[in-house]
Amino acid sequence: MALTMFALPRLGMVWTSMLIFAATAFLIRTSHPRTAIICAITVPLVLYGFFAHVASVAIPQGNYVRLP
């Protein structure tokens with residue numbers, strides 16, 4: 001949780017959630033690592049695409065990396 005709070009303002013919500021999703025999957029030793037990586041990448045991007053472009057809700061972006 002401390003790493004998440006440290007990374008959120010710097011990387012933004014989308015990139016941080018990708019990293020935390022993947023880290024959690026490997027921390028609990030998932031039996032499906034490929035599926036975990038695919039979901040860690042696609043779920044935050046799809047949610048960002050929906051909320052930022054369809055629902056017009058501002059998603060927190062980071063200082064270093066910004067999505068369109």
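Looking at this structure, is A23 part of a helix (DSSP H, G or I) and small (G, A, S)? For A23, the condition - part of a helix (DSSP H, G or I) and small (G, A, S) - is met.
Here the condition is being open to solvent by 80 Å² or more (accessible area, probe 1.4 Å), in contact with a helix residue (DSSP H, G or I) (Cβ under 7 Å, 6 or more places away or on another chain) and not polar (S, T, N, Q); of F21, F6, it holds for F21 alone.
Scanning the stretch 48-65 for residues that are touching a Gly at 6+ places or on another chain (Cβ under 6 Å) and not in a loop (DSSP other than H, G, I, E, B) gives a single hit, Q61.
Yes or no, residue by residue, for (1) modelled with pLDDT of 95 or more; (2) out of contact with any His (no Cβ under 9 Å at 6 or more places or on another chain); (3) part of a helix (DSSP H, G or I):
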residue: F6; (1), (2), (3): no, yes, yes
residue: A40; (1), (2), (3): yes, yes, yes
residue: V46; (1), (2), (3): yes, yes, yes
residue: L67; (1), (2), (3): no, yes, no
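Scan the stretch 27-40 residue by residue and report those that are surrounded by 13 or more Cβ atoms within 10 Å (Cβ to Cβ) and among the hydrophobic types (A, V, I, L, M, F, W, C). Of everything in the stretch 27-40, those that are surrounded by 13 or more Cβ atoms within 10 Å (Cβ to Cβ) and among the hydrophobic types (A, V, I, L, M, F, W, C) turn out to be A36, I37, C39, A40. Inside the stretch 25-47, can you point out the residues that are within 21 Å of L3 (Cα to Cα) and within 12 Å of the chain's Cα centre (by Cα)? Correct list: I37, C39, A40, I41, V43, P44, L45.
The values are calculated or read from the model by the stated rules, or taken from the named source; none is laboratory data. Keep in mind that this is a model prediction, so the values were computed, not measured. Methodologically, a virtual Cβ is constructed for each residue, glycine included, from the backbone with ideal geometry; neighbour enumeration extends over all protein chains shown. These area figures cover heavy atoms from the full protein model, side chains too; ligands, DNA and RNA do not enter into them. Shrake-Rupley method; radii C 1.70, N 1.55, O 1.52, S 1.80 Å.
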